[in-house]
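Structure record follows, encoded as structure tokens.
The values are calculated or read from the model by the stated rules, or taken from the named source; none is laboratory data. These numbers were taken from a predicted model, which means no experiment stands behind them. Don't worry about glycine lacking a Cβ; one is built from the backbone with ideal geometry, like all the others, and counts go over all protein chains shown. Only protein heavy atoms, including side chains, enter the accessible area calculation; ligands, DNA and RNA are left aside. Shrake-Rupley method; radii C 1.70, N 1.55, O 1.52, S 1.80 Å.
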Amino acid sequence: MKVKKAASMFFVYFFLISGAIAMLFPFYWMIKTALVGSDSIFEITPTFIPKSLEFHNFSDALQAQPFGRFFLNSGIVTIANIVGVLLTSSLCAYGFSRVNWPGRDKVFGVMLTALMLPFAVVMLPQFIGWRMLNLTDTLFPLIIPAYFGGGLFNIFLLRQFFMGIPRDLDEAAYMDGANHWTVYSKIILPLSSQSLIVVGLFTFLTNWNDYLGPMLYLSSEKNYTLMLGLTLFQGSYSSQWNLMMAAVSIVVLPSLIVFLFAQRYFIQGIAMTGIKG
């Protein structure tokens, strides 16, 4: 029995470690390519450990394009979206979970059907709308929508979590003279920190790595975000893969740091959000 259990555990760990190596290898190769010279990239016999480390590739990549401006634009868009999404999606989720009004659940069900619409379907109407407002080639089309609901998926996640909070807390607060704003700000939000962190993480990763939205609305280089900046870099340095990988490593580094430090909240929040439907 022990031999069978040990063999089962061996295969489980074997597949887990194999999968982890397969997932991490592209990241390792990206870092390795960023740290070698141009003559070491296309060796006939590839080496897994560089013979010499060329750290200046990172500074060369940063100086090749105005990455400081690209970082600033991406930071503005990402932070503004996180604030808008957390504020408005939590308010909408509160209205769909803690406030009783006729047809609430039916309206929410109809709204959920919009989740099946891909961005490509609404892309053209949205672009025409922003162009009529003369706001294309600015960061506003990438920020303002976050302040009008915060996204159906985020509302859904927060609503599911809010519904799991006992209503006795609301009723006790109402008996003490509280109103909806007090219940929302003093009871619901403090008890929902983990789900709010999850929504914040989703929003950060979505906006930091967004390429299609900035490509649609931005045309001036001074307004480019990091993803568009990488495209610009690719056009100028397509043959210098070491500089290209150095630039990509710098761009993905914030996402990796945020995920590594917040993955505990990420997993816990997802698990708690799915407890009640």
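Can you tell me which residue is modelled with the lowest pLDDT among those in the range 223-274 that are touching a helix residue (DSSP H, G or I) at 6+ places or on another chain (Cβ under 8 Å) and part of a loop (DSSP other than H, G, I, E, B)?
Gly274
What residue, among those in the range 1-31 that are of a type outside the set (A, V, I, L, M, F, W, C) and either open to solvent by 100 Å² or more (accessible area, probe 1.4 Å) or farther than 17 Å from Leu256 by Cα (or both), is nearest to the chain's Cα centre (by Cα)?
Of everything passing the filter in the range 1-31, Gly19 is nearest to the chain's Cα centre (by Cα).
Conditions tested, residue by residue: (1) touching a helix residue (DSSP H, G or I) at 6+ places or on another chain (Cβ under 7 Å); (2) among the small types (Gly, Ala, Ser).
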position	(1), (2)
Lys4	no, no
Asp39	no, no
Ile44	no, no
Asn57	yes, no
Gly75	no, yes
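Report, by residue number, each residue of the range 166-200 that is open to solvent by less than 20 Å² (accessible area, probe 1.4 Å) and touching a residue at least 40 places away in the same chain (Cβ under 8 Å).
First, pick out the residues of the range 166-200 that are open to solvent by less than 20 Å² (accessible area, probe 1.4 Å): 170, 173, 183-184, 188, 192, 195, 198-200.
The answer is Asp170, Val183, Tyr184, Ile188, Ser192, Ser195, Val198, Val199, Gly200.
In this structure, is Ala6 over 30 Å from Gly229 (Cα atoms) and modelled with pLDDT of 90 or more?
no
Which condition number in (1) of a type in the set (S, T, N, Q); (2) closer than 30 Å to Gln160 by Cα; (3) open to solvent by 60 Å² or more (accessible area, probe 1.4 Å) is the one that Gln63 fails?
Only one criterion in (1) of a type in the set (S, T, N, Q); (2) closer than 30 Å to Gln160 by Cα; (3) open to solvent by 60 Å² or more (accessible area, probe 1.4 Å) is unmet by Gln63, namely (2).
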